[in-house]
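Engineer: Here it is: the structure, laid out below.
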Amino acid sequence: MKAALIAVQLEVDAAVLATAEAYRRHLDESAVRAVTAAGAADVRLVVFPEISGHLALLALAPPQAHRAKSLGAALAAAAVRRPLDVLRGVVSARTLHPRHAVLAALAPDGERFWRSVFGPLARRHAAYIVAGSHLRLSASGDLTNASLLFAPDGRCVAITDKVNLVPGLEDAAPKALGLARGELDRLPITDTPLGRIATLICYDGFHTPHTSVERFVPMGPVLEARGGVAVVANPAANPWPWTGPWPPSSLDAPAHHYATRAEQWQREGLPGSLARSPFARWGVTAHLVGNVLDLSFDGVSEILETGPEGIHVLARAPWPDRGGHIVATVTC
């Protein structure tokens, strides 16, 4: 069976996120270009980047929110116009922090929009689509960084919650999002014609923590213990300079030092994890790139294959700061 593995290196900016329709169009056009480049295949897997769904909250915000200096301020401005939703967010969320209440108020709209984009997209292209990640409010009141897997018929067939939270950004640190961790024993593995598929959201693809003071579980061995998978999807969003030294000054706890973030990613991220523990035959990493408000992302998307001689790069994006896509055709 001929399979197309596709990573969309999604580029975002203020214009792309100006409105919900502009963002929907950008996502649609990115998928069309990528699937067209892949050509005919018996089965397709398309992976979009992490956090791309978080940014849907900005695209859904009213015009005045886009004049803010930061994403947090923009979302706060959007929530001010919806006091009843924020009140429900206070009641629904497990924490009473105002930032959390705002996110809890806006997240359900973001998820509805995200599903309305990617369900039809999967049907249109007859593809399995890993829809990056978005902020998801669970029935228990937890806010998670979650990734949806859509089948070619448009159904959502798996929901993966990120387990390892980036210190200072997603955890309970001051100014961080205060997200809840996913549960190890609920990490979904989905049977497809391509084989078994699992999603490790960005940091979950790493085998080593960024600091020595955080709660961290290497996820590769967890998947290996469950029999491994054919494909691991790795939607990613890197908020640090790709060519800058690692670790950045914002991580003040001891960590391994590297010449660049790119080098650290290769050693400690998904390539290094697969080299240590070949829990997947193929790995597909899709990076978010671009700048919007106070956020900046860059990274190099890649498609990897494991084999007796180690890790082989099937496709790699030529730049860390521009959008596009990469494709690999494999036999399964």
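Engineer: Within region 275-289, count every residue that is surrounded by fewer than 21 Cβ atoms within 10 Å (Cβ to Cβ) and either under 26 Å from A37 (Cα atoms) or touching a strand residue (DSSP E or B) at 6+ places or on another chain (Cβ under 6 Å) (or both). Spell out the reasoning first.
Structural biologist: Taking region 275-289 and keeping what is surrounded by fewer than 21 Cβ atoms within 10 Å (Cβ to Cβ), we get 275-278, 281.
Filter again for either under 26 Å from A37 (Cα atoms) or touching a strand residue (DSSP E or B) at 6+ places or on another chain (Cβ under 6 Å) (or both), leaving 275, 278, 281.
Qualifying residue count, region 275-289: 3.
Engineer: Six or more apart or on different chains, Cβ under 7 Å: which pairs go from a residue in region 263-282 that's touching a residue at least 40 places away in the same chain (Cβ under 8 Å) to one that's assigned to a helix (DSSP H, G or I) and buried (at least 23 other Cβ atoms within 10 Å of the Cβ)? Could you list them?
Structural biologist: Filtered contacts from region 263-282: G269/G205; L270/G205; S273/G205; S273/G220; R276/G220; S277/G220; F279/G220; A280/L274.
Engineer: Kindly check whether there is at least one residue in region 116-134 that is closer than 21 Å to A20 by Cβ, in contact with a helix residue (DSSP H, G or I) (Cβ under 7 Å, 6 or more places away or on another chain) and modelled with pLDDT under 90.
Structural biologist: No, that holds for no residue.
Engineer: So V232 clears everything in (1) surrounded by 18 or more Cβ atoms within 10 Å (Cβ to Cβ); (2) assigned to a helix (DSSP H, G or I) except one condition, right? Which one?
Structural biologist: Unmet condition: (2).
Engineer: Starting from region 237-260, take each residue that is closer than 16 Å to E214 by Cα and at pLDDT below 95 and list its partners that are part of a loop (DSSP other than H, G, I, E, B) and aliphatic (A, V, I, L, M), counting only C-beta distances under 6 angstrom and pairs at least six apart or across chains.
Structural biologist: That search, which allows pairs on different chains as well, returns P247/A255; A253/V213.
Engineer: Looking at region 296-332, which of the residues that are in a strand (DSSP E or B) and modelled with pLDDT under 95 is surrounded by the most Cβ atoms within 10 Å (Cβ to Cβ)?
Structural biologist: First pass over region 296-332, keeping only residues in a strand (DSSP E or B): 296-297, 302-307, 310-316, 324-331.
Pick out the ones that are also modelled with pLDDT under 95 and you get 307, 310, 331.
Values: G307: 9, G310: 11, T331: 7.
For region 296-332, the residue satisfying everything is G310.
Engineer: Which residues, taken from region 20-68, are modelled with pLDDT of 95 or more, in a loop (DSSP other than H, G, I, E, B) and not hydrophobic (A, V, I, L, M, F, W, C)?
Structural biologist: G39, D42, P49, E50, S52, G53, H54
The values are calculated or read from the model by the stated rules, or taken from the named source; none is laboratory data. The structure displayed is predicted, hence computed values, not measured ones. Don't worry about glycine lacking a Cβ; one is built from the backbone with ideal geometry, like all the others, and counts go over all protein chains shown.
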